[in-house]
Each structure stands twice: as structure tokens, then as C-alpha cells.
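The values are calculated or read from the model by the stated rules, or taken from the named source; none is laboratory data. Small disclaimer: the values here were computed from a predicted structure and weren't measured. Neighbour counts are summed over all protein chains in view; Cβ atoms, including those assigned to glycine, are modelled from backbone coordinates with ideal geometry. Heads up: the accessible areas ignore ligands, DNA and RNA and are worked out on the full protein's heavy atoms, side chains in. Shrake-Rupley method; radii C 1.70, N 1.55, O 1.52, S 1.80 Å.
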Amino acid sequence: QVQLVESGGGLVQPGGSLRLSCAASGSTFSDGMMGWYRQAPGKERELVAIISRYGDTNYADFTKGRFTISRDNAKNTVYLQMNSLKPEDTAVYYCWGRWYGIEYWGKGTLVTVSS
């Protein structure tokens with residue numbers, strides 16, 4: 001059973017930065033497609049960014065170069081570096097992974113962007 005555990009959320013002022021981490025266990029990390037989703041209050045969950053096992057990335061338009069997804073296969077960890085944060089980035093951020101056709105989710109970490 002794969003487990004995904006997020007960390008790094010918190011309160012940040014507009015224009016600030018945060019780095020989210022997601023540690024994976026229970027599978028061969030390097031074989032998996034990984035990503036981040038988010039869900040703002042009253043809204044549906046949406047894709048933020050994904051990264052393939054080969055390091056290919058894809059981002060939602062709203063990230064507009066502000067966010068960077070990366071992975072460290074040696075540490076079984078995927079990261080989301082978020083810069084120039086805006087109040088509308090406030091959401092619960094979820095780590096996502098897919099191994100051999102099966103999807104897994106973390107429990108989420110709250111990011112609040114407010115002055």
C-alpha cells in the first residue's frame with residue numbers, strides 16, 4: 001500500500017514563497033507519475049502540476065511560471081516550489097501519485113496566502 005505524506009504548508013504573505021514536500025512509501029517511487037492538486041474552499045479539486053518518472057513536467061496555466069515541480073527519486077520525494085504566491089492560491093494542496101495504473105492521494109496540506 002502506497003502512502004503519500006505532504007508537508008510544508010502554512011501561512012504566507014502575498015508575494016511570498018513556500019515549498020511543499022511529499023514523501024512516498026510502499027512502492028518503487030521512481031516508477032510513478034507524481035503530481036500536485038489543490039482544492040480551494042467551495043471549489044473542485046484541480047491539477048497544479050505533474051511530473052513523469054522521466055522528469056517531464058506539465059503545469060496548470062494559473063501557475064504561469066511561479067510554481068516548479070521536481071522529484072528526488074533517491075529520497076522518494078516530490079516537491080512543489082511556489083513563488084509569488086497570491087491570495088487565490090489559498091487551498092489544500094494534495095500530493096498525487098500513480099503506479100501501475102493505480103492512483104493514490106495524500107491527506108493534503110493547507111496553504112493560506114494572506115496578509
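All conditions in (1) assigned to a helix (DSSP H, G or I); (2) surrounded by 14 or more Cβ atoms within 10 Å (Cβ to Cβ); (3) not polar (S, T, N, Q) hold for GLU88, with the sole exception of (2). Set side by side, the residues TYR54, TYR37 differ, and just one is out of contact with any Gly (no Cβ under 7 Å at 6 or more places or on another chain), open to solvent by 40 Å² or more (accessible area, probe 1.4 Å) and not in a loop (DSSP other than H, G, I, E, B), which is TYR37.
Annotation: VAL12 fulfils all but one of (1) open to solvent by 60 Å² or more (accessible area, probe 1.4 Å); (2) β-branched (Val, Ile, Thr); (3) touching a residue at least 60 places away in the same chain (Cβ under 8 Å); the unmet one is (1). Looking only at region 91-115, which residues are assigned to a strand (DSSP E or B) and of a type in the set (S, T, N, Q)? Matches in region 91-115: THR109, THR112. Is it the case that some residue within region 95-115 is on the phi > 0 side of the Ramachandran plot, modelled with pLDDT of 95 or more, surrounded by 14 or more Cβ atoms within 10 Å (Cβ to Cβ) and of a type in the set (Gly, Ala, Ser)? So far as region 95-115 goes, yes, one or more of its residues are on the phi > 0 side of the Ramachandran plot, modelled with pLDDT of 95 or more, surrounded by 14 or more Cβ atoms within 10 Å (Cβ to Cβ) and of a type in the set (Gly, Ala, Ser).
So if I check each of SER21, SER27, which one is open to solvent by 20 Å² or more (accessible area, probe 1.4 Å), touching a strand residue (DSSP E or B) at 6+ places or on another chain (Cβ under 7 Å) and part of a loop (DSSP other than H, G, I, E, B)?
When all the criteria are applied, what remains is SER27.
Contact map, region 87-108: first residue over 13 Å from ILE50 (Cα atoms) and among the hydrophobic types (A, V, I, L, M, F, W, C), second residue open to solvent by 90 Å² or more (accessible area, probe 1.4 Å) and at pLDDT below 95, Cβ cut-off under 9 Å, separation 6 or more or different chains; pairs are ALA91/PRO41; VAL92/PRO41.
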